[in-house]
Amino acid sequence: MKKILTLFILTATTVNFCWAQTFEVKVDSLLNQIFKDKNGPGGVFMVAKNGKPVYQKAFGNANIELGVKMAPQNVFQLGSMTKQFTAIAILMLVEQGKIDLQKSISAYIPDYPMGDKITVHHLLTHTSGIKDFTKMKSLNQVAQQNLSPKQMVDFFKNEPMDFNPGEKFEYNNSGYVILGYLIELVSGYTYENYINKNIFQRLGMKHSRYASDASIIKNRAYGYQQKAAGYVNKTAISFSIPFSSGALMSTIDDMLLWQNALNKDVLLKPETIKKAFTKYKLNSGETFSYGYGWHLKDIDGVATREHGGSIFGFKTMGVYIPDQDIYILGLSNCDCNSPTQVVKDIAGLALKTFNKK
């Protein structure tokens, strides 16, 4: 009996090893098609199953000028993946009774135009109708200025509404800037300090932070853009501009800590966090595929929670498959190498592979 058990364990181990090798080769093949320039910028990618990495690799360079190769521990700007943290921070304040999702934003910002018609829920779901500041021609005039959250809100608040609140879904960075401002107003902390204290420190995300070009950040991946003449360093902006809509930095390991904490209801009660992953309806009754901080989509009929990010010099993408507890994340340090489609391709591959296993 003991020999049979030993043989069974050896066979299972061999099968798992072969499976892992096959999956790794297929993922490598997908990524090598994108990161062909070994002397150019690159990215890091991770696939996790049941909270643990089953694939983790780096490609290209973290710093082209110094010839520093990319490594899994490199720190990247997240861009709009920041919105996940902003949404969860809002829900934490909801649990504390400091924010009401259905309350109009005029309750917090009395002078906001049409603020009595726009709710916190509208901001979270991109259904507010507020003008997205990234589409404003005057943005270049302030892009390198250090604005306070109030000044940033004042920058776009008097722009004409694109549509009435709740009328349709239209991705909107302005709404998430207002959410960051609300966090500051009701918590008494800066957005940076609130996220750091209540999320990063609490979860042990030691390599995550609010972005800075001035601070010395160990293992920083430098951002690049590709022009006709070749690679250039990323365009500089003040991080007070993207603010709570896109100004956080992290690593693949820290992001796995984040995903695992969400799964285990570490930060919120189950009934509260469920609000982030619920599809909501427009005024017309039509359902749209966005919750609070995540796109709610599917791969071959299997539900996913997705979000990407784009900020000068960086592009990011994450896909989580709740039914299989599979998390796929890609972080790139050049806007020439978007990980969006390849992360979705890897997610599809992982889904098929784990279902067969």
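The values are calculated or read from the model by the stated rules, or taken from the named source; none is laboratory data. Computed from a predicted structure; not experimentally measured. In this analysis, Cβ positions are derived from the backbone assuming ideal geometry, glycine residues included, and neighbour counts consider all displayed protein chains. Heavy atoms of the whole protein, side chains included, go into the accessibility calculation; ligands, DNA and RNA do not. Shrake-Rupley method; radii C 1.70, N 1.55, O 1.52, S 1.80 Å.
What pairs from 117/297; 157/206; 117/275; 57/218; 83/218; 36/275 go past 30 Å between their alpha carbons?
As for pairs spanning more than 30 Å Cα to Cα, those are 157/206; 36/275.
Measure off 7 Å from each Cα along the Cα-to-Cβ vector at residue 95 and residue 295, then give the distance between these two points in nanometres to one decimal.
So the two model labels end up 2.8 nm from each other.
In whole angstrom, how far apart do the alpha carbon centroids of the stretch 211-280 and the stretch 297-344 sit?
12
Please give the net charge around residue 90, taking every other residue with its beta carbon less than 15 angstrom from that of residue 90, where Lys and Arg add +1 and Asp and Glu add -1.
Neighbourhood net charge equals +3.
Are there trypsin sites (Lys or Arg not before Pro) in the stretch 273-355 that DSSP marks as loop and that have at most 15 other Cβ atoms within 10 Å, and which are they?
279
Could you work out [θ]222 nm for the chain from helices alone, using -39500 (n - 2.57) per DSSP H run of at least four and dividing by all its residues? Round to the nearest 500 deg cm²/dmol.
For the chain, the value works out to -10000 deg cm²/dmol.
Per-residue counts of other Cβ atoms within 10 Å, averaged by peptide: what ranking do you get for 228-239, 39-50, 159-170, highest first?
Output ranking for 228-239, 39-50, 159-170: 39-50, 159-170, 228-239.
Show 345, 111, 28 ordered by accessible area, largest first, where the area counts protein heavy atoms only and the probe is 1.4 Å.
Accessible-area ranking of 345, 111, 28, largest first: 111, 345, 28.
Considering only protein heavy atoms, with the full assembly of protein chains and a 1.4 angstrom probe, order 213, 116 by accessible area, largest first.
116, 213
Between the DSSP loop rule and a limit of at most 13 other Cβ atoms within 10 Å, which trypsin sites (Lys or Arg not before Pro) in the stretch 104-143 are left?
In loop regions of the stretch 104-143 (DSSP not H, G, I, E or B), the sparsely surrounded trypsin sites (Lys or Arg not before Pro) are 137.
Calculate the dipole size of the stretch 306-354 relative to its Cα centre from +1 charges on Lys and Arg beta carbons and -1 charges on Asp and Glu beta carbons; express the result in debye to the nearest 20.
With Lys and Arg at +1 and Asp and Glu at -1, about 120 debye.
Normalising by the residue count of the stretch 139-271, find the relative contact order in percent from Cα pairs under 8 Å and 6+ residues apart.
Computed value for the stretch 139-271: 33 percent relative contact order.
Taking a 1.4 Å probe, which of 327, 181 shows the most accessible area, and what order do the others take after it?
My answer, sorted largest first, is 181, 327.
So what are the stretch 223-300's ellipsoid semi-axes, whole angstrom, largest first, if each one is the square root of 5 times an eigenvalue of the alpha-carbon gyration tensor?
After diagonalising the Cα gyration tensor, the semi-axes are 32, 20, 14 Å.
Mind computing the radius of gyration and Dmax over the alpha-carbon atoms of the stretch 62-153? Å is fine for both.
17.9, 54
From the Cα gyration tensor of the stretch 268-349, with a ≥ b ≥ c the square roots of its eigenvalues, which class applies: rounded if a/c is under 1.5, or else prolate if a/b is larger than b/c, or else oblate?
It comes out prolate by the Cα gyration axes.
Classify the stretch 46-86 as rounded, prolate or oblate, taking a ≥ b ≥ c as the square roots of the eigenvalues of its Cα gyration tensor: rounded when a/c is under 1.5, otherwise prolate if a/b is larger than b/c and oblate if not.
Oblate is the answer for the stretch 46-86, as a/c is 1.5 or above yet b/c matches or exceeds a/b.
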